[in-house]
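The values are calculated or read from the model by the stated rules, or taken from the named source; none is laboratory data. All values derive from a computational prediction rather than experimental measurement. Here the Cβ positions follow ideal geometry from the backbone for every residue, glycine too, while neighbour counts run over all protein chains shown.
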């Protein structure tokens with residue numbers, strides 16, 4: 001690989017001579033069943049330009065990235081890399097033309113060394129097909145040094161800090177000297193102190209003349225690293241602005257459009273506040289490095305407390321720590337009046353706390369077991385006759401909850417994996433109701449379910465709160481938080497930075513608070529606080 005400093009002279013000079021864009025789409029349309037994901041999108045990136053790509057979840061960013069990467073083809077329009085139109089040859093064609101993509105989830109092999117990961121798929125060999133280990137290590141070390149980091153190439157990559165792993169991923173993407181580098185949320189898993197390592201590398205890469213598409217929800221990063229920002233909304237590219245000339249509030253307004261915070265008409269708005277009721281869960285100074293930093297809040301009896309934040313803000317880690325799955329480095333919980341300094345998942349289940357995990361299919365259900373077996377998993381003692389499980393008691397307990405939660409199924413012995421996503425989610429919630437849990441930690445409870453199922457889950461959550469169950473409700477779909485929550489706290493970089501109550505709980509206010517750039521401008525304009 002030519003070094004970045006070597007590349008910079010030729011590529012930047014070419015850009016200054018007025019060469020065309022390194023990537024361009026013209027009139028691209030992409031449809032999925034029932035969804036128009038991209039609608040006549042014209043987009044381009046020039047050599048040496050860092051273009052931020054912004055928009056809410058579902059705005060079309062990921063679809064545009066997949067088209068530019070060659071992973072998918074447009075239904076209409078063209079995608080061109082360096083002036084050559086993609087013909088549908090997949091990611092290999094796009095890669096050959098000069099596109100490299102670093103996705104949000106790292107694709108490294110933890111057990112292999114830095115050098116082995118850097119050369120994955122292209123190990124340098126000599127006579128007899130033997131791997132040239134020395135050359136492999138030298139090339140990896142040089143590529144990383146070129147990005148401004150010094151890492152021993154013989155180190156197992158899984159032992160590195162996440163920021164350094166991200167740099168190995170970026171170095172590997174640059175191995176083929178691409179014209180376009182797409183970075184999809186490259187800092188979402190990093191603590192604030194680690195972000196600068198990545199941003200400095202992005203600066204170096206752009207200075208070498210590589211065009212960069214940078215996807216992030218952190219406006220502070222966008223304003224620091226990007227020259228321009230393209231804002232997408234509802235599958236359309238609504239505007240491209242200079243990051244120096246547009247304020248954070250203006251960018252947020254472009255992303256939201258005319259959204260008022262009540263865009264989903266699914267029943268009543270947020271329930272009345274429960275802060276005059278007893279505190280059932282008090283969290284103080286909870287820290288789970290590097291994701292959660294000294295978080296403190298109270299949850300009241302019968303309250304639905306929303307937790308908002310972009311991916312990587314620490315939402316899931318916070319719930320997993322409270323549930324006992326992720327031990328904290330510091331902090332205490334007070335649950336039903338008893339202070340806890342150490343706790344496990346077994347302790348919390350016994351004390352009345354239940355968690356519905358973010359990844360329902362892999363962590364929440366046992367797909368091949370029946371609905372009844374899944375529902376009684378957290379409390380099998382109640383359906384025993386002596387030392388043996390009673391099928392009659394198990395079926396009876398499950399039938400009551402299937403009826404109460406309106407789970408659509410021909411019978412309780414049907415494998416839970418055969419149900420729709422919404423009914424699977426209700427079965428997971430039913431498990432904790434069977435256990436008698438009085439505190440529910442709901443992590444993305446409506447992810448991957450249809451509109452009707454969402455409305456049913458909202459109504460179920462409200463009814464549980466009316467019955468005195470206390471609920472933490474995490475969601476990345478900000479429009480649903482005003483529909484169910486009486487209070488919302490916003491996590492950013494692992495810390496609570498804003499709180500919204502009552503009529504202040506709107507989609508636009510939550511969105512602005514999650515994206516605030518550290519100056520307080522976006523959040524302060526909606527919450528009255530400087531964050």
Inset, instruction - Please note which strands (runs of 3 or more DSSP E) are completely contained in segment 299-382 and include at least 2 residues that are touching a residue at least 24 places away in the same chain (Cβ under 8 Å) and under 28 Å from the mean Cα position of the chain (by Cα). - result: 304-308, 330-335, 353-356
Inset, instruction - Keeping to segment 227-246, report how many residues are touching a helix residue (DSSP H, G or I) at 6+ places or on another chain (Cβ under 7 Å) and in a loop (DSSP other than H, G, I, E, B). - result: 1
Legend entry - Complete set of residues in segment 433-456 that are closer than 28 Å to residue 334 by Cα and part of a helix (DSSP H, G or I): 433, 434, 435
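Return yes when residue 178 is outside any helix (DSSP H, G or I), more than 20 Å from residue 48 (Cβ to Cβ) and either outside the structural domain of residue 209 (by TED's automatic domain parsing) or in contact with a helix residue (DSSP H, G or I) (Cβ under 9 Å, 6 or more places away or on another chain) (or both) and no when it is not.
Details: outside any helix (DSSP H, G or I): yes; more than 20 Å from residue 48 (Cβ to Cβ): no; either outside the structural domain of residue 209 (by TED's automatic domain parsing) or in contact with a helix residue (DSSP H, G or I) (Cβ under 9 Å, 6 or more places away or on another chain) (or both): yes.
So residue 178 does not fit the description; no.
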Inset, instruction - Would you check if there is a residue in segment 132-145 being within 26 Å of residue 22 (Cα to Cα), surrounded by fewer than 21 Cβ atoms within 10 Å (Cβ to Cβ) and without any contact (Cβ under 8 Å) to a residue 40 or more places away in the chain? - result: yes
Legend entry - Given (1) on the phi < 0 side of the Ramachandran plot; (2) at pLDDT below 85, number of the condition residue 267 does not satisfy: (1)
Legend entry - Within segment 467-531, helices (runs of 4 or more DSSP H) holding 1 or more residues that are modelled with pLDDT under 90 and more than 25 Å from residue 276 (Cα to Cα): 507-515, 521-527
Legend entry - residue 63 vs. criteria over 30 Å from residue 138 (Cα atoms), modelled with pLDDT of 95 or more, surrounded by 15 or more Cβ atoms within 10 Å (Cβ to Cβ) and in contact with a strand residue (DSSP E or B) (Cβ under 8 Å, 6 or more places away or on another chain): no
Inset, instruction - Hey, can you tell me all the residues within segment 84-107 that are exposed (fewer than 13 other Cβ atoms within 10 Å of the Cβ) and not in a strand (DSSP E or B)? - result: 87, 88, 92, 105, 107
